[in-house]
């Protein structure tokens, strides 16, 4: 089993875009990120259960136009993504407490957009090679994302940097192992006050 790569922030985890850019009060959120096919939804749902947190599926917030583009094998642009990311953040704001988000969040600017209100935001970055991801995506049923977009997502991917409080885990381990390692990382790095009492005590 590979050891997880841990990126520890060199500055306060909440420090990022200017304070004037913040939309409202901060809410804590765990981001499970990576290219399509890494298993974000499975791991985020398992992590939410383990952390007594709310699960958020980013795919649910894509408008029909975005889904139609991806179904045709057309990568989304930043202009396609900004309203989507803002809708996710607004949903996280709508209810108090810790959330776990399954979201590609491929570029640093996308993660910074979420961090405008969703912070602290520890990151679980799942990674795997293109062949495994293409095979997983091809095996899906009733999903709009085609295997042809896997390489585009990998080309777009900007892995988290040292100031982003991130843990990098291989997507080919069992879900139970990944969730266990991810929860251990979050408990060690997330402010105690952000963790539900049933988990931290």
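Worth pointing out:
- Test: residue in the stretch 102-114 that is over 16 Å from residue 159 (Cα atoms) and buried (at least 20 other Cβ atoms within 10 Å of the Cβ): no
Results for (1) surrounded by 14 or more Cβ atoms within 10 Å (Cβ to Cβ); (2) at pLDDT 95 or above; (3) within 18 Å of the chain's Cα centre (by Cα), shown as yes or no for each residue.
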{"site": "121", "(1), (2), (3)": "yes, yes, yes"}
{"site": "142", "(1), (2), (3)": "no, no, no"}
{"site": "150", "(1), (2), (3)": "yes, no, yes"}
{"site": "179", "(1), (2), (3)": "yes, yes, yes"}
{"site": "189", "(1), (2), (3)": "yes, no, yes"}
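- Number of the exception - residue 97 against (1) under 23 Å from residue 166 (Cα atoms); (2) surrounded by 14 or more Cβ atoms within 10 Å (Cβ to Cβ): (2)
- Taking residues in the stretch 163-176 that are on the phi > 0 side of the Ramachandran plot and crowded, with 22+ Cβ neighbours inside 10 Å, and partners anywhere that are at pLDDT below 95 and in a strand (DSSP E or B), the pairs with Cβ atoms closer than 8 Å and at least 6 places apart or on different chains are 165/7.
- Every pair of residues 6+ apart whose Cβ atoms lie under 7 Å, when the first sits in the stretch 188-201 and is more than 14 Å from residue 48 (Cα to Cα) while the second is at pLDDT below 75 and in a helix (DSSP H, G or I): 192/200
- When 48, 87 are checked against the criterion of being buried (at least 17 other Cβ atoms within 10 Å of the Cβ) and either touching a helix residue (DSSP H, G or I) at 6+ places or on another chain (Cβ under 6 Å) or at pLDDT 95 or above (or both), a single residue qualifies: 48.
Residue by residue, here is whether (1) under 21 Å from residue 114 (Cα atoms); (2) in contact with a helix residue (DSSP H, G or I) (Cβ under 8 Å, 6 or more places away or on another chain) holds:
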residue	(1), (2)
136	no, no
139	no, no
145	no, yes
148	no, no
151	no, yes
156	yes, no
165	yes, yes
168	yes, no
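- The single condition from (1) surrounded by fewer than 17 Cβ atoms within 10 Å (Cβ to Cβ); (2) in a loop (DSSP other than H, G, I, E, B) that residue 199 fails is (2).
- Test: residue in the stretch 71-82 that is in contact (Cβ under 8 Å) with a residue 40 or more places away in the chain and surrounded by 21 or more Cβ atoms within 10 Å (Cβ to Cβ): no
Residues checked against (1) outside any loop (DSSP other than H, G, I, E, B); (2) under 12 Å from the mean Cα position of the chain (by Cα); (3) at pLDDT below 95; (4) within 30 Å of residue 131 (Cβ to Cβ):
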| residue | (1), (2), (3), (4) |
| --- | --- |
| 17 | no, no, yes, no |
| 36 | no, yes, yes, yes |
| 44 | yes, yes, no, yes |
| 59 | yes, yes, yes, yes |
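The values are calculated or read from the model by the stated rules, or taken from the named source; none is laboratory data. These numbers come from a predicted model, not from an experiment. So basically every Cβ, Gly included, is an ideal-geometry build from the backbone, and we count neighbours across all protein chains shown.
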